[in-house]
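Below is one structure, written out as structure tokens, with a few remarks after it.
The values are calculated or read from the model by the stated rules, or taken from the named source; none is laboratory data. Computed from a predicted structure; not experimentally measured. When we count neighbours, we look across all protein chains shown, and the Cβ atoms used for this are built from the backbone with ideal geometry, even at glycine. Calculation scope for accessible area: heavy atoms of the full protein, side chains included, ligands and nucleic acids excluded. Shrake-Rupley method; radii C 1.70, N 1.55, O 1.52, S 1.80 Å.
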Amino acid sequence: MKALVKTSKGVGNVEIKNVPEPIPGPGQVKILVKAAGICGTDLHIYNDEYPSIPPVILGHEIAGEIVECGKGVRSCEIGRRVTARTFMVTCGRCRYCNTGKDNLCPERLSIGSGVNGGFAEYLIVPEKNIFYLPQNVSYTAGALTEPLACCVHAVLEITHISAGEKVLIIGPGSMGIISCQLAKISGGYVVVIGTDTDKKRLQLAKDLGADEVIISSQINSLIEKKMSNTFDVVFECSGTEGGLNMGFKLLRKGGRYTQIGLSGKLIKFPIDQTVYKEVKFFGSFSHTWSSWDTAIRLLSRGLVQTEPLVTDKLPLSRWKEAFKKFKEKRCVKIILTPED
Ligand SMILES: [Zn+2]
Ligand SMILES: [Zn+2]
């Protein structure tokens with residue numbers, strides 16, 4: 001089968017290769033991939049800024065159909081439409097594995113970075129990772145369950161928003177736009193900030209419920225003064241130094257700040273502000289089983305939309321064009337499909 005492989009460490013070293021079709025081992029299922037989303041993490045892996053164990057097939061946001069079950073698989077049926085959690089290996093013994101926080105397991109290996117992922121025709125995952133897609137959720141929308149679960153973890157499980165709170169989201173990429181929807185259903189008043197290149201993304205955030213959208217270059221000193229120290233909660237989804245500094249400026253004293261975006265490098269951080277403002281600072285990494293369970297419920301009840309985030313669908317063979325478009329932010333979410 002054809003697969004998009006990170007062949008070795010270093011910047012780049014990503015190419016389409018012909019690889020053997022995977023065979024499901026005991027307790028594993030084989031999925032025919034129908035849709036796989038490109039994520040910021042894929043770009044970080046391309047740039048060697050996120051750990052990976054090459055040679056490895058990229059892609060961790062997937063939806064497809066079960067075509068084969070390995071020995072001892074009891075709960076999965078062939079032909080079902082599914083998406084899957086991304087942790088292929090966890091130790092099962094550590095504090096984190098035993099308290100429902102296997103995202104923090106030191107031995108965790110995920111599809112698309114540590115083990116083979118979904119930018120391919122077929123993919124193998126453990127039976128326990130499978131979630132059935134509800135009737136009303138397409139493969140395209142279902143492939144984005146993974147970023148939705150990440151945002152559920154950040155917004156609903158780690159930060160918690162009370163009705164009426166003023167929420168700032170920095171960076172209207174898919175994580176920002178999904179977090180915006182989650183903050184809205186929590187009862188927040190949500191403001192989304194982006195840059196000049198984010199105009200279309202900001203419009204989408206507005207269409208999906210943002211109360212206000214702002215382009216950062218239009219924030220003059222007067223507006224900044226008015227907005228400073230006013231937000232109860234900030235979600236930083238851009239992973240940039242500018243975003244982080246702005247977030248701390250606009251957050252009120254005693255407010256909650258959650259870092260979702262990865263920067264991939266060292267950045268200057270206004271640490272004194274966490275002291276002066278008594279900020280509660282959270283990091284949110286990946287997702288837990290409960291975030292997936294909630295994500296699926298939200299999708300099935302139509303409380304969160306992921307389909308509108310998909311601006312482009314391209315065959316796997318056009319991955320270079322897709323990565324370039326994603327890097328240049330000329331899209332929100334791009335789905336790769338194995339068939340041409
Ligand atoms: Zn992702
Ligand atoms: Zn563990």
- Query: Residue by residue, what Karplus-based ³J(HN,Hα) values in Hz, rounded to whole numbers, does segment 39-46 have, using 6.51, -1.76 and 1.60 with θ = phi - 60° and x for Gly and Pro?
  - Reply: 10, x, 4, 4, 5, 4, 5, 4
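How much length is gained if the chain between Arg297 and Cys94 is pulled fully straight, taking 0.36 nm per residue apart and subtracting their Cα-Cα distance, in nm to one decimal?
70.2 nm
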- Starting from the Cα-Cα distance between Arg330 and Ser216, subtract it from 0.36 nm times their residue separation and give me the gain in nm to one decimal. 39.2 nm
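What accessible area per residue comes out for segment 80-210, rounded to a whole number of Å², with a 1.4 Å probe?
Each residue of segment 80-210 exposes 36 Å² on average to a 1.4 Å probe.
For Lys226 and Lys17, FRET efficiency with R0 = 45 Å and r from the beta-carbon atoms, rounded to 0.05?
Numbers: r = 54 Å, r/R0 = 1.21.
Once the sixth-power term is evaluated, E becomes 0.25.
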- Going from the alpha-carbon gyration tensor of segment 225-340, what semi-axes, largest first and in whole Å, does one get by taking the root of 5 times each eigenvalue? 33, 20, 13
- Taking amide H positions as placed in the peptide plane 1.01 Å from N, state which residues far from Leu133 in sequence (5 or more) or on other chains have amide H under 5 Å from it. Arg81, Val82, Thr83
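I need the trypsin sites (Lys or Arg not before Pro) found in segment 241-340, filtered to DSSP loop residues with at most 12 other beta carbons within 10 Å of theirs.
Loop-located and lightly packed - Lys265, Lys268, Arg301.
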- Near the amide H of Met88, under 5 Å away, which other amide H atoms are found, from residues 5 or more places off or on another chain, if H is placed in the peptide plane? Leu109, Ser110, Ile111
- Message: For a quick size check, give me the Cα extents of segment 1-114 along its three principal axes, largest first, whole Å.
- Response: 41, 37, 21
- Note on the structure: Partner lysines whose C-alpha sits under 19 Å from that of Lys329, ignoring same-chain residues fewer than 8 away, are Lys199, Lys200, Lys206, Lys313, Lys320
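With the full set of protein chains in place, find how many percent of the accessible area of segment 239-340 is carbon and sulfur; take the probe as 1.4 Å. Before the final figure, lay out the partial values.
Numbers: 2960 of 5390 Å².
For segment 239-340, the apolar C and S fraction of the accessible surface comes to 55 percent.
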- Item | Distance between segment 237-282 and segment 44-122 - C-alpha centres, whole angstrom | 30 Å
- Query: What share of all Cα pairs of segment 59-179, in percent, falls into each consecutive 10 Å distance bin?
  - Reply: 12, 36, 36, 14, 2, 0
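What number, in nm² with one decimal, is the all-direction average of the projected area of the convex hull of the alpha-carbon atoms of segment 110-203?
Details: hull surface 32.9 nm².
For segment 110-203, averaging the hull's shadow over all directions gives 8.2 nm².
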- For segment 47-52, Karplus couplings with θ = phi - 60° (6.51, -1.76, 1.60), whole Hz, Gly/Pro x: 7, 6, 9, 10, x, 9
- Which is the longest stretch in the chain that no exposed loop site breaks, taking sites as GluC sites (Glu not before Pro) with a DSSP loop state and at most 12 other Cβ atoms within 10 Å? 78-277
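Where both partners of a DSSP beta bridge lie in the chain, what percent of those bridges are antiparallel, to the nearest 5?
Working: 31 of 59 bridges.
Bridges in the chain that DSSP calls antiparallel: roughly 55 percent.
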- Task: For segment 283-316 and segment 1-34, compute the distance between their C-alpha centroids and round to whole Å.
- Result: 23 Å
- Using alpha carbon positions and the Kirkwood radius, the Rg to Rh ratio of the chain is 0.97
- Query: How much of the accessible area of segment 24-100, in percent, comes from carbon and sulfur atoms when a 1.4 Å probe is used?
  - Reply: 48 percent
- Task: With a Förster radius of 30 Å, plug the Cβ-Cβ distance of Leu104 and Thr7 into 1/(1 + (r/R0)^6) and report the FRET value to the nearest 0.05.
- Result: 0.55
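Where only protein heavy atoms count, and the probe is 1.4 Å, what is the accessible area per residue for segment 231-331 in Å²? Intermediate values should be presented prior to the final figure.
Values: 5160 Å² over 101 residues.
Counting only protein heavy atoms, the per-residue value for segment 231-331 is 51 Å².
Could you tell me which of the pairs Lys2/Lys333; Lys128/Lys325; Lys30/Lys184; Lys249/Lys333 are separated by over 31 angstrom between their Cα atoms in the structure shown?
In this structure, Lys128/Lys325; Lys30/Lys184 exceed 31 Å between Cα atoms.
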- Message: If you roll a 1.4 angstrom probe over the protein chains with everything in place, what fraction of the accessible area of segment 158-236 belongs to carbon and sulfur, to the nearest %?
- Response: 53 percent
